[in-house]
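The structure appears right after this line, and notes come after that.
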Amino acid sequence: MPPSKPARPHPIGKVLIANRGEIALRIHRACQEMGIRTVAVHSTADAAAMHVRLADESVCIGPPPARDSYLNTAALISAAAITGADAIHPGYGFLSENAGFAEMVEAHGLAFIGPSPAHIRMMGDKIAAKDAMRRLGVPLVPGSPGALASFEEARGVAGDVGYPVLIKAAAGGGGRGMKVARSEDELEEAFRVARTEAKAAFGDDAVYLEKYLDRPRHIELQVLADAHGDVVHFGERDCSLQRRHQKLVEEAGSPALKAAERDALGARVVRALRELGYRNAGTLEFLWQDGQFAFIEMNTRLQVEHPVTEMLCGIDLVKEQVRVAAGERLGYGQEDIRFSGHAIECRITAEDPETFAPSPGRVSTYHAPGGLGVRVDSALYSGYAVPPHYDSLVAKLVVHGATRAEAIARLRRSLAEMVVDGISTTLPLHRAIVEDPEFRAGDYTIHWLERFVARRLAAGQAPKAG
Ligand code: MV4
C-alpha cells in the first residue's frame, strides 16, 4: 500500500461528533480546548444527554435503535453538511471502524478523524492484518500462513504448531467467531462450526488457525502517526482483566513488563507502521506469555481505555488525533515521550455486579470522586436516566500515581468516595478487585477475572448495597 497522501492543510474549525455518552463528551472537551466548535448528534432517547447539553450545536438523527440513529450514515453526513462541520470524529464502536463510512466522509470533503479507509479495511480483515505484520517483522502467534483452504490444510498446520489450536474468523475479532480444538479429534468439528458461524455472522467464511496460548496476558500498544511519515508509540496497556471479552480494568504500564521489553516492542512496531504509511491513532493487540509477544489484531480507532495512556504520558490523544487529521506534524519524537508512574482505569457499567444483568434507569444521586491523580470520564448527572438501548458503560474512573502501589491506594479511596445511586453498577465488584492480593501483586492472566467473579458468586460474599 502507498503511504498516506501528504495531507493538504485541512484546517478544522468545527467537528461533528458521531457518538454518544462519555466518549462524545471526551471528544467535545478536547475540541473546546483547541478552540474548535462541536456538533453533537443524538437519537430521540438521548435528547437530554450531557454531550448534547455541552456541544455548541446539536442535531437529532433518528429514533433510539442505533441502526436508525448513530449508525445512520446518511443522517450523519447530512448533519455535518447543514451545520458546516469540517470533520467527523467517530469515537469508538458504532462507525469507528467502518471503512465505507470513512470513504463517504472523505467523499463529502470532510476530514475523517482516524486512519485512511484502506488501513481500516486492511485491519478489519484479521488475515490481511497478520499478513502485513508478518511481512513487517512484527512477532505473531504461530499458525496458518493465511486463510485455510481445507480441513486437510488445517490438520497439517495444527500438527506443525501443536495442540491445542484455535480456529478464528478473518472477519471476526474481539473474541467473536473463535473455536478451540484440543486434539485432532476435535479439529474437523471446530473447523466446520467456525466456517459456518463466520459465514452466518459476517457473510465471510474465511478462517485461519493459531496455536492456542493457554495463559497469556492481553497487552496492547498505543501508536500515533501523522500524515508526514512520523510515528511514535505511547507504551502499552495491560487489558487482561476482562470477562466475556468485556474489559473491566486496564493498567498502563503492564505490571508484568520491563521498560526494556516495552521499548524493544515499541521500536519494531513504530518501524512497521512507518513502512505501512499508517496515520492517526491505532492500537496493536498482543498476547504475552513466557516473555514473548505475539500480535493478534490491530484496532484502528480511539479505544475506551485510552485515558490510562494519557495519564501515563501526559498527552491528550484526542487532541493529537484532531491535529494529525488536520495535516499538522507531530512535532516531537519518541525520545520526547516519557512514561511517568502508573495509571489504572475501572470501567463502571450499569449492570448487576454479580450477574451482569443490564440495569438501565434513573440515577438518583451521582457523586464523582476527586483529588490529586483522579479523573472521571462520564456523561452522568443526578437525575439522568440511563437508556436501555446502548452499551452499559456509565463512567470510567482513572487514577494515576507515582508508583503502582500509590495508584492502587488512590483507586481504593476514590472507589469508596464514588456514588451512583438508583441503578445497579459494577462499583462493588471494583471495590472487591482492589482488595485482592493477586490483583495487588499484578499477578493475573486473561482468565483471572472470570474465576474471581465465579468465586465471589459461589461464596455469596458480594455486598448488596452500593
Ligand atoms: C487467542 C487466545 C489464545 N491463543 N489467540 C480473544 C479476543 C480476540 N481479540 C483474541 N482472543 C484470544 N485469542 C490465541 N492464539 C486467547 C484469546 C482470548 C482473549 C484474548 C485477550 C483478552 C481476553 C481473552 C479472553 C479469552 C480468549
* Where does segment 1-100 land on Rg(C-alpha)/(2.2 N^0.38 Å)? -> 1.07
* Can you list the residues, at least 5 places off or on another chain, whose amide H is less than 5 Å from the amide H of G172, using H built in the peptide plane? -> K126
* **Whole-number D in µm²/s for segment 292-385 (Stokes-Einstein; Kirkwood sum over Cα pairs; 25 °C, 0.890 mPa s)** => 145 µm²/s
* Structure fact -> Taking only the alpha carbons of segment 265-337, the radius of gyration and the largest Cα-Cα distance, Dmax, both in angstrom, are 13.3, 42
* Asked: From the phi of every residue in segment 322-336, what ³J(HN,Hα) in whole Hz does the Karplus formula 6.51 cos²θ - 1.76 cosθ + 1.60 yield, where θ is phi - 60° and glycine or proline is x?
  -> 5, 4, 6, 5, 7, x, 6, 7, 3, x, 8, x, 4, 5, 7
* Dividing the Cα radius of gyration by the Kirkwood radius, what Rg/Rh value follows for segment 376-460? -> 0.99
* Asked: Lysine pairs, Cα distance under 24 Å, 8 or more residues apart or cross-chain: how many in the chain?
  -> 28
* Asked: In 20 Å bins starting at 0, how do the alpha-carbon pair distances of the chain split up by percent?
  -> 24, 59, 18, 0
* Structure fact -> Residue-ordered couplings for segment 61-75, obtained by feeding phi - 60° into the Karplus form 6.51 cos²θ - 1.76 cosθ + 1.60 and rounding to whole Hz (Gly and Pro as x), are 10, x, x, x, x, 4, 4, 9, 10, 5, 10, 8, 5, 5, 5
* Asked: Hey, how many Å between the Cα centroid of segment 29-45 and the Cα centroid of segment 184-203?
  -> 43 Å
* Under a plain spin-label model, where a point goes 7 Å from the Cα along Cα-to-Cβ, how far apart in nm are E188 and D421? -> 6.3 nm
* DSSP loop trypsin sites (Lys or Arg not before Pro) with at most 12 other Cβ within 10 Å excluded, longest remaining stretch of the chain -> 1-181
* So how strong a dipole does segment 108-263 carry about its Cα centre when Lys and Arg Cβ are +1 and Asp and Glu Cβ are -1, to the nearest 20 debye? -> 280 debye
* Structure fact -> Semi-axes of segment 182-327 from the Cα gyration tensor (sqrt of 5 times each eigenvalue, largest first, whole Å) come to 30, 19, 15
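None of the figures in this text is laboratory data; all of them are computed from the coordinates on show. In this text, all values refer to a predicted model and were calculated from it rather than measured experimentally. Don't worry about glycine lacking a Cβ; one is built from the backbone with ideal geometry, like all the others, and counts go over all protein chains shown.
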